[in-house]
Structure formats: structure tokens, C-alpha cells
Amino acid sequence: MAVTQVRISVFPAGLNPKDIAEKIKEKFPEQVIDVAEFRDQVSVIVKKEQIIPILKYLHDDPLLSLDHLQDLTAVDYLKKRDVRFEVVYNLYSMRYHHHIRVRAQVPENDTKIESVVPIWAGANWHERECYDMFGIVFSGHPDLRRILMPEDWEGHPLRKDYPLQGPELQKDWPGFIEVLKRSKELKEFEWEG
Amino acid sequence: MHGGKRLSNGIKNERWEVIDTSAMGLIQVEEDVKILPPNIIITSFDKIINWGRLSSIWPTTFGLACCAIEMMAAGAAHNDLDRFGIIFRGSPRQADCVIVAGTVTKKMAPVVRRVYDQIPEPRYVIAMGSCACTGGVFKTYSTVQGCDSFLPVDVYVPGCPPRPETLLEGLVMLQEKIRKEKARWSPWR
């Protein structure tokens, strides 16, 4: 007797990302600048001023329920676009299994944006990394420090105008110069053979 | 046969005695090593101290990146570093050697240097992998371009990451280097 496997999903089907984008457009017509689509991935490009209400709506709306912040990062479009930075929020719904990407434009002369830690606590370290690498200041963040680079490091390394091989030796991180200096001092005590 | 060395002031110095070993039945087994049967071996300080050192290189347990995985593989059952007397030691105070296994970032450099400084003399450094040797593919702001900029490296082990066999080869080379040392035990070194 043939056995047929039947799969029953108890979860409601998720929304098409285009429909989510439409919903955001309806709710915040002033804020949405553009909706971009690439390989079935839909991004909603928004202004940064109302980012908290937009993301709060996406998080709290029972039909969207985008309760999981998959990633928070930034992009530097130096000399490619008018607005230099974009902070990218990749959102996912545990309940409905649908995705949406929200991109907030941040100009170079005012790199401030509201922190989303009150909505997703996991954004804490993502925002610290974003601040470390791009110098985007998340206002309202509970503990905005560098997370990867040493705390007295100068500059934000993932900015496109940062030199790839870092600063010259004299202007390098003081901790590293200290190590080089100390190893030179201790060299006379090494065994030469 | 006892012959004393007569000093210039005419006093015989009893401490300097020349022993004619040919009459005692000593058998020379290799250079600087003689055996008086059944169980007395006569050798030089260099020979026996270097032999002791090279037969028990204890590296401090210190991994930085993917090379550390290969280092662990070299220590595991298949390649088994223990048969060379190489046992990973948890504290640099009790170790003889540091294997810099992986990418050394500028932020990590003070830590690596401190671990090296805590190792008592005699101490050795093995730079394992392309990153530790030269910086490797990471010619960037955050990576030290070769850990020899702040450490006296004895053996460079290239590879990305090097296979456990390569690390073994490097450790055997370090053993050969220790075997050739002269008077490193002496306070006048």
C-alpha cells in the first residue's frame, strides 16, 4: 500500500515582499522614497527621520509581525549617489516566514539616526559595529562604543575614503607603536646564537 | 694517569687534571659522546642540555585563527605531537615556545607580545601560516604584516593554513636548530 506524505502547515502563509512594501507606502507615504527590487528581494528606501515609527509598525503589526532583525549594517556610496550612507535593516517574520529590507538614507553631514535597540534588543552590537566601521551615530543607543577596533582607534575603516592599508606607521594606533618600541628595546636581551 | 698543571708561580693546581681516557675502556659512540660500560656516559654540557631541550618543547596553547585548527590537528591522535615530547602547556610561564598560529591583528599584537614575554628563557617562536609570516592576504589596516615585526621568529611555517605535516616539519627544524646551539646554558652567554 502506497503511503503518501502530506505536509500540513499550521502557520499562515507569509506576505509577498512587494505587498509589505505597498503597506509601508500606504502607511507612510511621506517617508518612502523608493521601492527597489533585485532578484525577488524587495527593499524599501526611506527617510531617516521617521525610522522608529516605520520599524515599530513593521514589528508590531499583527499581519506583518517582523519580529526578527536578521542584520543591521550600513553601505557607503561615496561618489556614487547623492546621499552617502544607507543603514540597512534586514527583517524577517518568525511567524509568517516573510522578509523585507528597509534602507534608511543618512547624509554625510549628519550621520545621526535613531537607535532601534528599544524595538529589537539584538540590534545593540550591530549598531556598535556599524558605528565602529562607518561612524554612524545611533542616538538613544544604551552603550555606543567601538566593538571591533581598539577604543582609541582613529577613523572608521569601512568608509570608502579610509586607506585600505591603514594609516602610515607614525600615525598608526598607539598601542601597536608601543609594542614595536618595546620589542626594539628588549631586542638586546635576546639570545643571538 | 694524573698530571697536574703547573702555574707560573710554581704552585701545582690540583683542580686541573688531565685524564687519559684511552686506558679506561671508554667507547666513543659519536662525537662528544663516550660510554664507559656498563652505564656511564660522558658527554658535553651542550650536547646533553640541547638534547633535553629539543626533546621536550612545550608550546603554550595559543591559537589566533584557522591555523590553530591545524595546530590542534597536529596535536591530535593522527599526527600526535606527543611522540616528539611536544606537549601543549596551558600557561606561558611553563612553556618553552609559542606557535603564532594565525592572523595577528594590531589589537592582538600587545597580547601576543605579552605571552612571549612571560615565557622563561630559553624560548622559541614559530610563525605558523602565511598571515603570521607576512600578513598573507590581509594587507589591510588591521593586520600586522608579519609577526616578526615584534617577535624574534625562529622558524617560519608557510601555508594557508599549513597542513599538520608542515607544522611537524617546522617543529623538527626547530629541534635541529636547538641541537646546534652552543653554550646557551652558560651564565656568560
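The values are calculated or read from the model by the stated rules, or taken from the named source; none is laboratory data. Predicted model, so just to flag it, every value in this text is computed and none were measured. Neighbour counts are summed over all protein chains in view; Cβ atoms, including those assigned to glycine, are modelled from backbone coordinates with ideal geometry. The protein model used for the area step is the full one, side chains on, heavy atoms only, and it has no ligands, DNA or RNA in it. Shrake-Rupley method; radii C 1.70, N 1.55, O 1.52, S 1.80 Å.
Assorted remarks:
- Checked across segment A:123-132, the condition of being surrounded by 14 or more Cβ atoms within 10 Å (Cβ to Cβ), over 28 Å from A:GLY175 (Cα atoms) and of a type outside the set (Ser, Thr, Tyr) holds for at least one residue.
- Going through (1) hydrophobic (A, V, I, L, M, F, W, C); (2) more than 18 Å from B:TYR156 (Cα to Cα); (3) touching a Ser or Thr at 6+ places or on another chain (Cβ under 8 Å) one by one, B:ALA65 falls short only on (2).
- Screening B:GLU14 on (1) among the charged types (D, E, K, R); (2) modelled with pLDDT under 80; (3) within 23 Å of B:ALA183 (Cβ to Cβ) shows it passes everything except condition (3).
- Check on A:PRO142, at the interface with another protein chain (Cβ under 8 Å from one of its Cβ atoms), more than 15 Å from B:ARG113 (Cα to Cα) and touching a helix residue (DSSP H, G or I) at 6+ places or on another chain (Cβ under 9 Å): no
- The set of residues from segment B:77-86 being among the small types (Gly, Ala, Ser) and open to solvent by 50 Å² or more (accessible area, probe 1.4 Å) comprises just one member, B:ALA77.
- Residues in segment B:32-48 that are within 19 Å of the chain's Cα centre (by Cα) and open to solvent by less than 50 Å² (accessible area, probe 1.4 Å): B:SER44, B:ASP46.
- Restricted to segment A:162-193, and to residues there that are surrounded by fewer than 11 Cβ atoms within 10 Å (Cβ to Cβ), more than 7 Å from chain B (Cβ to nearest Cβ) and outside any helix (DSSP H, G or I), the residue that is modelled with the highest pLDDT is A:GLU168.
- When A:VAL116 is tested against (1) β-branched (Val, Ile, Thr); (2) open to solvent by 20 Å² or more (accessible area, probe 1.4 Å); (3) not in a strand (DSSP E or B), just one condition goes unmet, and that condition is (2).
- So A:ILE136, is it more than 22 Å from B:GLN145 (Cβ to Cβ), away from chain B (no Cβ under 11 Å) and in contact (Cβ under 8 Å) with a residue 60 or more places away in the chain: yes
- Looking only at segment B:114-164, and only at residues there that are charged (D, E, K, R) and out of contact with any Cys (no Cβ under 9 Å at 6 or more places or on another chain), the one that is surrounded by the most Cβ atoms within 10 Å (Cβ to Cβ): B:ARG163
- Positions within segment B:54-71 being surrounded by fewer than 17 Cβ atoms within 10 Å (Cβ to Cβ) and farther than 22 Å from B:GLN118 by Cα, in sequence order: B:CYS66, B:ILE69
- Some residue of segment A:97-112 being part of a loop (DSSP other than H, G, I, E, B), charged (D, E, K, R) and touching a residue at least 60 places away in the same chain (Cβ under 8 Å): no
- Count of segment B:52-100 residues, restricted to those that are under 29 Å from B:GLN145 (Cα atoms) and not β-branched (Val, Ile, Thr), is 26.
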